[in-house]
Each structure stands twice: as structure tokens, then as C-alpha cells.
């Protein structure tokens, strides 16, 4: 069975100031998403599921179907704040859905094959998709239904010069198995080029440039999205009343690892990550992609 690529595209790019998923970055007007679709199809993925907001459907379908229909199977799932396993009082006061874990949960009916998860506005590189496809089609790995894969990146290769970012900071064993993932926020360069951050407890700290971080580039077995429901339910029971709380995918995986119910492998990847968090990031991303075109990668 060919693996599925799940693309998280519901974010509206508030820090960037628009629909950054559709911002031209390639020399012929390509989106970052175009490179992900091309790299995934080359690697052997057979289906792409886009998680979007309902109000984006018409324009998103028109644009993606005109680009990708006939190349790879397409499907769409909708991330709605009301799509929850339990009722949430005063949910109308909440402005946004529940984060990346909720986005995967929203696509649960489309994930009958082993699947990868990526962000629509991140450039992961061809090697990331080849690595994920190999992992997801490895019979021995998929037989171990509680074994997941994470493509990790060095922190220094994922930062913006124009503002702070959030990243899932990973701890691993010597053989590459994840011990934990902790969401860190306000990650950015200080004036002396060291890297500052805040952990989940809100404590300020420094991070090494070589810190392994998650950029929501994951591989999961078929049907895994159902594993999220009890975790999401517990999250909502504890934090559903908070107007801005988010159910992060890395945090959900971290809970499963710590409970002894899952093992996640950090998958080696040689690709360079590129991202447009702020509009000021665009020139450097466009330059890097132009260099890949010049080398014949695209």
C-alpha cells in the first residue's frame, strides 16, 4: 500500500500576514507546497490529504486541483473547532481550532494507509520524503504498530532572522530512539548569536545550535489517528476552557512515549529545511530554492 501524505494547511499565517501557503517562492511562481507534492510523488506517496479550514475550501480546492489533479490522488479534511470528542462549553468564544494534534485528528477518516505528516508552509527537502517513504513501506517497521518515525533537524537550520519560532525539542537515546519531545517557544537569536528559548514551564534557557527539533515531519502507521482521541479528550478535559490552548502533535507523541505505549525513531535526513515564518524570510527562501533549481534538483 502506497503511503499517504497528510498536509497541515489550516493555518492562516497570522505572523506572516496572509496565506503564506500560497506565496510564490520558486522561479516560476511555485509555492513551497508544490515542492512538497513533487518530492512526495517522486518518493512513492500515492495520496495527499490537505487539512484546511472550511472557509478556505473553494479557493484551496480550485488551486490545488488545477496543479495536482491527475498527478496524485487528492482528498480534503476540515479542521473545525467544534470537531471534538467531548462537548466544550462556550466554544463559540474560541477563535482558532486546537492545534496540530487536532489537525491530524480531523483527518482520521482519510488515513487508512501508513502516512506522513508535514506543514504546508515548510520546505523539507527531497531526502525527507524519501526517508519517510522508506520507513512507511518497511514491512518490519509497519508490523510494529506502535513504532513511529520523526525526521529531525538541527535547530540552527530552522530559525528565522526576523523573529522567534516554536519548536519541539527532542531528546534521544544513543541508537536514535526518542526519549521525549518538549515544546519550546520564543526561540531566537540573541545579539551575540546564541539561541534563547522558553520551555513549557515558561523558564528562559539557552539551546545548542545542534539541538534536534521536530518540524512536524512525521511517519505513522495506518489508522494511527485514532490513538489521538483519548489524548485529545484528556487535553480538553484539562485545558478546554482556555481560549488559546493548543493540542500539539509532538506533545501527544511525547505522552505515548512516556507511557511506554510507543517508540519513535529519529530518522536521519540530509535535506535543508526552509520556512517562511515572517514576510522578511521570503528573499532568503527564494534564493535557496533558486540554487536548487540551478543544481538541477527541480
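The values are calculated or read from the model by the stated rules, or taken from the named source; none is laboratory data. Every value quoted in this text rests on a predicted model; they were computed, and no experiment measured them. No Cβ is skipped: glycine too gets one built from the backbone with ideal geometry, and neighbour counts run over all protein chains shown.
Things worth noting here:
- The number of residues in region 65-107 being farther than 25 Å from residue 243 by Cβ, modelled with pLDDT of 90 or more and out of contact with any helix residue (DSSP H, G or I) (no Cβ under 8 Å at 6 or more places or on another chain) comes to 3.
- Number of the exception - residue 28 against (1) surrounded by fewer than 20 Cβ atoms within 10 Å (Cβ to Cβ); (2) more than 25 Å from residue 112 (Cα to Cα); (3) modelled with pLDDT under 90: (3)
- Pairs with Cβ under 8 Å, 6+ apart, first in region 34-57 and free of Cβ contacts under 8 Å to residues at least 24 places away in the same chain and on the phi < 0 side of the Ramachandran plot, second assigned to a strand (DSSP E or B) and surrounded by fewer than 22 Cβ atoms within 10 Å (Cβ to Cβ): 57/76; 57/78
- Unmet criterion (only one of (1) surrounded by 19 or more Cβ atoms within 10 Å (Cβ to Cβ); (2) in contact (Cβ under 8 Å) with a residue 60 or more places away in the chain) for residue 2: (1)
- Members of region 87-98 found to be surrounded by fewer than 24 Cβ atoms within 10 Å (Cβ to Cβ) and either assigned to a helix (DSSP H, G or I) or in contact (Cβ under 8 Å) with a residue 12 or more places away in the chain (or both), listed by number: 88, 89, 90, 91, 92, 93, 94, 95, 96, 97
- Checked against the criterion of being without any contact (Cβ under 8 Å) to a residue 40 or more places away in the chain, surrounded by 15 or more Cβ atoms within 10 Å (Cβ to Cβ) and touching a strand residue (DSSP E or B) at 6+ places or on another chain (Cβ under 8 Å), the candidates 76, 124 yield just one match: 76.
- Residues that are assigned to a helix (DSSP H, G or I) and under 27 Å from residue 297 (Cα atoms), drawn from region 35-61: 35, 36, 37, 38, 39, 40, 41, 42, 43, 60
- Total residues in region 253-277, condition surrounded by 18 or more Cβ atoms within 10 Å (Cβ to Cβ) and in a loop (DSSP other than H, G, I, E, B): 6
- Here is the figure for region 185-242: residues that are in contact with a helix residue (DSSP H, G or I) (Cβ under 6 Å, 6 or more places away or on another chain) and assigned to a loop (DSSP other than H, G, I, E, B) total 3.
- Meets criteria (in a strand (DSSP E or B), touching a strand residue (DSSP E or B) at 6+ places or on another chain (Cβ under 8 Å) and surrounded by fewer than 19 Cβ atoms within 10 Å (Cβ to Cβ)) for residue 166: yes
- Boolean, residue 112 is modelled with pLDDT under 95 and either buried (at least 23 other Cβ atoms within 10 Å of the Cβ) or farther than 23 Å from residue 252 by Cα (or both): no
- The one condition in (1) in contact (Cβ under 8 Å) with a residue 40 or more places away in the chain; (2) surrounded by 14 or more Cβ atoms within 10 Å (Cβ to Cβ); (3) more than 17 Å from residue 101 (Cα to Cα) that residue 249 fails to fulfil: (3)
- Subset of region 151-163 that is in contact (Cβ under 8 Å) with a residue 60 or more places away in the chain and surrounded by fewer than 18 Cβ atoms within 10 Å (Cβ to Cβ) - its residue that is nearest to residue 268 (Cα to Cα): 157
- Residue in region 168-178 that is in contact (Cβ under 8 Å) with a residue 40 or more places away in the chain and within 23 Å of residue 278 (Cβ to Cβ) present: yes
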